[in-house]
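Take a look at the structure set out below.
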Amino acid sequence: MRRALVRKLREKGIANEPVLNAIGKIPRHWFFDEIFVDHAYQDKAFPIAEGQTISQPYTVAFQTNLLDVKPGKKILEIGTGSGYQACVLLECGADLVTIEYKKNLSLLAQKMLKYMGYSPRFVIGDGSLGYDKLAPYDGIIVTAGAPTVPTALIEQLKVGGHLVIPVGDSKSQKMLRLTKMSDGTITKEQFSNFSFVPLLGEDGWKK
């Protein structure tokens, strides 16, 4: 089923081999209750705890590809969620810091990833403010829809680094890739529309 999922992602335009290899390796069904295991390798999002979702594999692959992860690069993930996106980043070689707004969700992800043998740095807190204690970052990926681009995330990005973030309203967001240039300016690229759960926090959506 994993091989079939990878084939589907190739057909949809994902050509990044490290990303495809990661998705082909990670047992996504471990993030699902046993009765829902048939859904694990379908290219769709699926509900998890705390009213959140495990992202569609295509979305995970698309964002990771835009981030251009290289082994050893320090990446900040905003929105740990189930932990599946974190696994993909780690398989691509990221030195990962992952922050989650909801404590219970973070604790579940911490337990799962430890069981799977992964050990990113977990943070529980307001991801809309980034995590300046370990900044700057080579890349920042936001796995929740934001109303605007949080200023803190731009500030915590290294020169040459990418910020990949969906921005829009509560129903649909445009995927953006922002790159910090050597003179401090920011270039912006726009991609397809996606639909994410809301980014909660001071510079996100209010509860």
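The values are calculated or read from the model by the stated rules, or taken from the named source; none is laboratory data. What you see is a predicted model, and the numbers here were worked out from it, not measured in a lab. Here the Cβ is made from the backbone with ideal geometry for all residues, glycine too, and neighbour counts use every protein chain on show. Just the protein is used for accessible areas: all its heavy atoms, side chains included, with ligands, DNA and RNA removed. Shrake-Rupley method; radii C 1.70, N 1.55, O 1.52, S 1.80 Å.
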Fill in the blank from the handout: Only one of ILE124, ILE99, ILE165 is touching a Phe, Trp or Tyr at 6+ places or on another chain (Cβ under 6 Å) and in contact (Cβ under 8 Å) with a residue 12 or more places away in the chain, namely ILE99
Completion exercise
If we keep only residues of region 124-180 that are assigned to a loop (DSSP other than H, G, I, E, B) and closer than 21 Å to TYR84 by Cβ, then the residue most open to solvent (accessible area, probe 1.4 Å) is TYR131
Exercise for the section: With the condition kept exactly as written, say whether any residue in region 78-87 is in contact (Cβ under 8 Å) with a residue 12 or more places away in the chain, surrounded by fewer than 15 Cβ atoms within 10 Å (Cβ to Cβ) and either of a type outside the set (Lys, Arg) or out of contact with any Asp or Glu (no Cβ under 7 Å at 6 or more places or on another chain) (or both). Expected result: no
Completion exercise
A careful count of residues in region 190-207 that are open to solvent by 70 Å² or more (accessible area, probe 1.4 Å) and either among the small types (Gly, Ala, Ser) or in contact with a His (Cβ under 9 Å, 6 or more places away or on another chain) (or both) gives 1
Handout entry: Filter result (over 20 Å from LEU108 (Cα atoms), open to solvent by less than 50 Å² (accessible area, probe 1.4 Å) and without any contact (Cβ under 8 Å) to a residue 24 or more places away in the chain) within region 1-42
Key = VAL6, GLY24
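Condition first: within 18 Å of PHE62 (Cβ to Cβ), at pLDDT 95 or above and surrounded by 23 or more Cβ atoms within 10 Å (Cβ to Cβ). Can you find one or more residues in region 100-113 that meet it?
Step one: list which residues in region 100-113 are within 18 Å of PHE62 (Cβ to Cβ), which gives none.
Within region 100-113, none of the residues are within 18 Å of PHE62 (Cβ to Cβ), at pLDDT 95 or above and surrounded by 23 or more Cβ atoms within 10 Å (Cβ to Cβ).
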Completion exercise
Conditions (1) part of a strand (DSSP E or B); (2) on the phi > 0 side of the Ramachandran plot -> GLY184 fails only (1)
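Looking at region 162-181, can you tell me whether even one residue there is small (Gly, Ala, Ser) and under 22 Å from VAL69 (Cβ atoms)? So that I can check it myself, show each step before the final result.
The initial filter retains those residues of region 162-181 that are small (Gly, Ala, Ser), namely 168, 170, 172.
With the extra rule that they be under 22 Å from VAL69 (Cβ atoms), the set shrinks to none.
No, region 162-181 contains no residue that is small (Gly, Ala, Ser) and under 22 Å from VAL69 (Cβ atoms).
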